[in-house]
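Single-structure report; data block below.
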Amino acid sequence: MRSANCGENMDPRAEQILDHIIEQYIQTAEPVGSRAISKLTELNLSAATIRNVMSDLTEVGMLSQPHTSAGRVPTDRAYRYYVDKLQKNKPEETIQDEVWPAKRPYERLEDLLYEAAQELTEETHCTGLLLSPRPASSKLNRVELIGISGTQVLVVLVTQAGMVKNRIITLKECPEQEDLNLVASKLCELFLGHAIGDIHEGLLETLAGKTDRLSAHAIRIGKKALEIETSGEVYISGGANLCGFPEFNNQASLKKVYQEFEDKRGLSRILNEMTRSAGLHVTIGSENQAAGLESCSILARTYGTTNSLLGSIGIIGPTRIDYPKVIKAIDRSSRKLSYAVDHFLNSNT
């Protein structure tokens, strides 16, 4: 056969055999032997011929053999070929607005986002992931400053996207509540509708040269109050679903994934990278570049309004995931969520 190092150059017969191996392994989680493939295919090939093709696919890194006497299992490289082929051959869909019948009215965008992740979790039986809009790029709607001690202030930031961010800042001396209210009003007056990240950068420039007490408070408090993370928050739904996959029967491998769930930095980096461009994004096994996620695939699609991408919604599961089913579910969830977020924002302006 010709080189089997990628889907474009692979011999059609080898390609078809590899497809069958991947699809059977996805369903059974058991190494696939040549005799099983000879019964499934319509190639009229002997088990010996199929075994030779499987040996070639193993040599080019598409298959691995866990034990000498065992069948073959797909590698990360094989799954990458399979996913790329699915996307390349994906039929053009008629884009329609996906109406999401809300279970209840939402006061906060966070509630809507978490429900979307839960729905996708229930549909795919995987662990749902969702990246919220980035706070630093969100536009300011309201600021509240509440003194809680002689040196601490509770900061409540409400964005025009409906996100609420609370944090406690520490000052050498907390102003009176009346002054805090005036500072909050001044910040809203000056920066309403501005991206929060830009406000922090432009605060000194805007108030430069002003020597009144209120401006001094606004600079001192604003610099700390508006110092927020540049990445969106990662929501995780249905973490226990991974326990249902045989790949995670080993306590050590499951522990590594759960540590990534707790830490979230690896997931945040991956999802933020995915949100840089619209569409479906898939990372498989070692592509995740995180030690605890080498046995996992992450699939996510961006969501947003007509004017901008806001975040991404997807799942994490074993590399042996049912890619066609999951991709279809994520596509649908992304469109539904985009509709729901757009509707939420329009109804809260």
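Which residue fluctuates most in the GNM of the chain (Cα springs below 10 Å): Ser334, Ser64, Ser237? Among Ser334, Ser64, Ser237, the largest mean-square fluctuation in the Gaussian network model of the chain belongs to Ser64.
Over all pairs of different C-alpha atoms in the stretch 107-166, the reciprocal of the mean inverse distance, the Kirkwood hydrodynamic radius, equals 13.5 Å.
Over all orientations, the chain has a Cα convex hull whose mean projected area works out to 22.0 square nanometres.
Computed on the chain, with alpha-carbon pairs under 8 angstrom and 6+ residues apart, the relative contact order is 18 percent. Binning the C-alpha pair distances of the stretch 261-349 at 5 Å intervals from 0 yields a P(r) profile of 3, 14, 24, 21, 18, 11, 6, 2, 1 %, listed from the shortest bin outward.
Distance cut-off 21 Å, Cα to Cα: go down the list Lys85/Lys328; Lys165/Lys256; Lys139/Lys336; Lys172/Lys224; Lys256/Lys325 and report the pairs above it. Among Lys85/Lys328; Lys165/Lys256; Lys139/Lys336; Lys172/Lys224; Lys256/Lys325, the Cα-Cα distance tops 21 Å for Lys165/Lys256; Lys139/Lys336; Lys256/Lys325. A compact globular protein would have a Cα radius of gyration near 2.2 N^0.38 Å; the ratio found for the stretch 173-228 is 1.04.
With q set to 0.21, 0.22 Å⁻¹, the log10 of I(q)/I(0) for the stretch 145-256, from the Debye formula over equal scatterers at the Cα positions, is -1.17, -1.26. Comparing Leu182, Leu45, Leu131 in a Gaussian network model of the chain, where Cα atoms under 10 Å apart are tied by springs, the biggest mean-square fluctuation is seen for Leu45. A simple count of charges around Leu214, restricted to other residues whose Cβ falls under 9 Å of its Cβ and scoring Lys, Arg +1 and Asp, Glu -1, yields +1. A Gaussian network model of the chain, with springs between Cα atoms under 10 Å, assigns the largest mean-square fluctuation among Thr151, Thr127, Thr305 to Thr151.
Over all distinct Cα pairs, what is the inverse of the mean 1/r for the stretch 12-88, reported as the Kirkwood hydrodynamic radius in Å? This gives a value of 12.3 Å.
Each reported figure results from applying straightforward, stated rules to the coordinates on display, with no laboratory input. Nothing here was measured: the structure is a model prediction, and the numbers come from that model. We place every Cβ from the backbone using ideal geometry, glycine too, and count neighbours over all the protein chains shown.
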